[in-house]
Amino acid sequence: MRLVNINDVEVGSQIAKPVYDSKLSLLINKGAKLSETILNKLINADIRHLYIEDEISKGVNLEPMISDELKLQAFVIMKQIYESQMNENKQNEAVRESTIKELKDLVDDIITEIYSRNEQKYFSTELMGAEMYHYNHSVEVMILSLLIGRKMGLDRERLLKLGMGAMLCDIGKSRVPQEILNKKGKLDESEFDEMKRHVDYSYAILKDLVGLSSLSRQIVLLHHEKLDGTGYPNGFTGDQIPLLVRIATVCDIFSAIVSDRTYNNRISVDTAIEILRSATPLKLDQDVFQTLLQVVDIYPPGTLVELGTGQVGIVIESNPNSPTRPKIRILSGNRGEIIDLMQELSLFIKKVVPKLT
Ligand SMILES: [Fe+2]
C-alpha cells in the first residue's frame, strides 16, 4: 500500500485504508475499487490523499502503531467536545466531567498500546477531509507527545497528564469563527490575533474542570510559547516553559506540517524535520527534538524516494535503528532490485518524490 495524492489516483484503484467524512461516516472502505462517483465524493469531502494497493506498492505493509478503532474512538470524543463548544448557546456549559473521564480512559488505553510496541516508529495513516484536521491534529499531538514523553523517561502518571493536555490544547479553536479557522488563504493580522486567542478559549473551557490536572492545564495554556520569548500568550522564555509543555509544542508544530490542512497540503516528514531543526534550539527544546527523531518514521513504508544516484524507488521496510536507511525496491532502471541502505553505505536518500513521472 502507498499514499497518493487524490489528483494522481485513477478510477478503478484498490483502496487500502478506509476514508471518513467530517461526520465520521465511512466514505469508502478498505478493499473497495474506486468509482468515478466515489472519487467525486472524496474530492467534495476535501480528501487530499488516499492509500491504495497497486503494482508499485505490492507487499508494502503499513501496520499502524495505534489501532484504527482506538483512533476512531478518540476522534468521536474530540468531535463531541468541539461541537458542544461550537454551539453558542452551550458555550457557557462546561465540558462534562464524564467526557473528560472517557478521554482519560482512552489516553490510558493508548499509553498501554505504546508500551506494548517497543521499537516501532510512528507514522500517521489517517484519511479524513481537511475539515477534520482539528480533531485529527489533537489526536496526533497526543500520541506523539506520549511517545516522546515515554522515551524521555516520564512515568505513567505524568504521561497521562501530558496526553490529556496535548489532546486538549486546541479545544478553544471551537470558538474561533469558522471562516477564520478554515480560511484557505493566509490569515491577515486581525484574523491571526483571533486565531491566537484559541489558547485563552481553551483555558477558559477547561479551567474549572474537576478531574483535569493543573499540569494538563498548563500545557494547554503555554503550548504556543517559544524558548526565545517569541511565542504567545505570555512571551515566556527558557525555564518558564516546563518540559511537558515543550514536548507538546514540538509535536503540535510537527503534526501541523505533516497534515493536510485547509490552506496547505501535507509536507513530507523529512522536510518537516528540517523545518523543526531550523527552530532548534533557539525556539524549540533540543532534547525533545532529538527524541522526536527517534520516535517518528522519517520514510514510512510506501514512500517514494530518489537516491543520490538518481534512481527512484519505494520504501518497503523501515529500519528502526537507522531511520534514514530503510530498504528500498527500485522502480527505475534496474526495476525490482532491492537495496538495503544499511548494506549499501555509499547510497543515500536524496529526497522524497510525490509521484512517479
Ligand atoms: Fe494551538
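The values are calculated or read from the model by the stated rules, or taken from the named source; none is laboratory data. Being a predicted model, the structure only gives us computed values, none of them experimental. Positions of Cβ are backbone-derived with ideal geometry, glycine not excepted, and every protein chain shown enters the neighbour counts. Side chains are part of the model used for accessible areas, which takes the heavy atoms of the whole protein and leaves out ligands, DNA and RNA. Shrake-Rupley method; radii C 1.70, N 1.55, O 1.52, S 1.80 Å.
Yes/no matrix, rows are residues, columns are (1) open to solvent by less than 30 Å² (accessible area, probe 1.4 Å); (2) of a type in the set (K, R):
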{"residue": "P300", "(1), (2)": "yes, no"}
{"residue": "T309", "(1), (2)": "no, no"}
{"residue": "V315", "(1), (2)": "yes, no"}
{"residue": "P320", "(1), (2)": "no, no"}
{"residue": "R335", "(1), (2)": "no, yes"}
{"residue": "I338", "(1), (2)": "no, no"}
{"residue": "T357", "(1), (2)": "no, no"}
Note to self: Where the second residue is open to solvent by 40 Å² or more (accessible area, probe 1.4 Å) and part of a helix (DSSP H, G or I) and the first is closer than 21 Å to V220 by Cβ and of a type in the set (V, I, T) and lies in segment 182-202, which pairs have Cβ atoms under 9 Å and are six or more apart or on separate chains?
What the structure shows: V199/L221
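Being in a strand (DSSP E or B), at negative phi, open to solvent by less than 20 Å² (accessible area, probe 1.4 Å) and modelled with pLDDT of 95 or more is true for just one of V288, V305. Which residue is that?
Working: V288 fails: in a strand (DSSP E or B).
Of V288, V305, the one residue that is in a strand (DSSP E or B), at negative phi, open to solvent by less than 20 Å² (accessible area, probe 1.4 Å) and modelled with pLDDT of 95 or more is V305.
Sort through R217, R261 and tell me the only one that's over 22 Å from K161 (Cα atoms), surrounded by fewer than 22 Cβ atoms within 10 Å (Cβ to Cβ) and either in contact (Cβ under 8 Å) with a residue 24 or more places away in the chain or β-branched (V, I, T) (or both). Show your work before the answer.
On the way: R217 fails: over 22 Å from K161 (Cα atoms).
Exactly one of R217, R261 is over 22 Å from K161 (Cα atoms), surrounded by fewer than 22 Cβ atoms within 10 Å (Cβ to Cβ) and either in contact (Cβ under 8 Å) with a residue 24 or more places away in the chain or β-branched (V, I, T) (or both), namely R261.
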Check: Residues in segment 38-62 that are over 25 Å from N264 (Cα atoms) and either in a helix (DSSP H, G or I) or without any contact (Cβ under 8 Å) to a residue 12 or more places away in the chain (or both): how many?
Finding: 2
Next item on the list: Would you confirm whether any residue within segment 3-22 is of a type outside the set (A, V, I, L, M, F, W, C), within 30 Å of I338 (Cβ to Cβ), within 19 Å of the chain's Cα centre (by Cα) and not in a loop (DSSP other than H, G, I, E, B)?
Entry: yes
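Rundown of residues vs (1) in contact (Cβ under 8 Å) with a residue 12 or more places away in the chain; (2) over 18 Å from K196 (Cα atoms); (3) loosely packed, with under 14 Cβ neighbours inside 10 Å; (4) of a type in the set (K, R), yes/no style:
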position: G229; (1), (2), (3), (4): no, no, no, no
position: G235; (1), (2), (3), (4): no, no, yes, no
position: L243; (1), (2), (3), (4): yes, yes, no, no
position: I257; (1), (2), (3), (4): yes, no, no, no
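Just for segment 45-68: of the residues that are touching a helix residue (DSSP H, G or I) at 6+ places or on another chain (Cβ under 9 Å) and farther than 21 Å from N5 by Cβ, which one is most open to solvent (accessible area, probe 1.4 Å)?
Restricting attention to segment 45-68, the residues satisfying the condition of being touching a helix residue (DSSP H, G or I) at 6+ places or on another chain (Cβ under 9 Å) are 45-50, 64-67.
Within this subset, residues satisfying the condition of being farther than 21 Å from N5 by Cβ are 65-67.
Values: M65: 3, I66: 2, S67: 34 Å².
Among those that are touching a helix residue (DSSP H, G or I) at 6+ places or on another chain (Cβ under 9 Å) and farther than 21 Å from N5 by Cβ, it is S67.
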Notebook entry, point to check: Does A248 fit the bill of being open to solvent by 10 Å² or more (accessible area, probe 1.4 Å), within 13 Å of the ligand (Cβ to nearest atom), in contact with a helix residue (DSSP H, G or I) (Cβ under 9 Å, 6 or more places away or on another chain) and within 22 Å of L146 (Cα to Cα)?
Noted result: no
Item checked: Complete set of residues in segment 328-344 that are in a loop (DSSP other than H, G, I, E, B) and acidic (D, E) -> E337, E344
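Here are I100, I171: which of them is open to solvent by less than 70 Å² (accessible area, probe 1.4 Å), at pLDDT below 95 and touching a Phe, Trp or Tyr at 6+ places or on another chain (Cβ under 8 Å)?
Answer to the check: I171.
Pick out the one residue from T324, T271 that is of a type in the set (V, I, T), at pLDDT below 95 and in a helix (DSSP H, G or I).
Numbers: T324 fails: in a helix (DSSP H, G or I).
Matching residue, one of T324, T271: T271.
Looking at segment 153-206, what helices (runs of 4 or more DSSP H) fall wholly within it and have at least 1 residues that are within 13 Å of the ligand (Cβ to nearest atom) and closer than 29 Å to T112 by Cβ?
On the way: elements: 156-168, 178-181, 189-196, 198-206.
The helices (runs of 4 or more DSSP H) meeting that bar are 156-168, 198-206.
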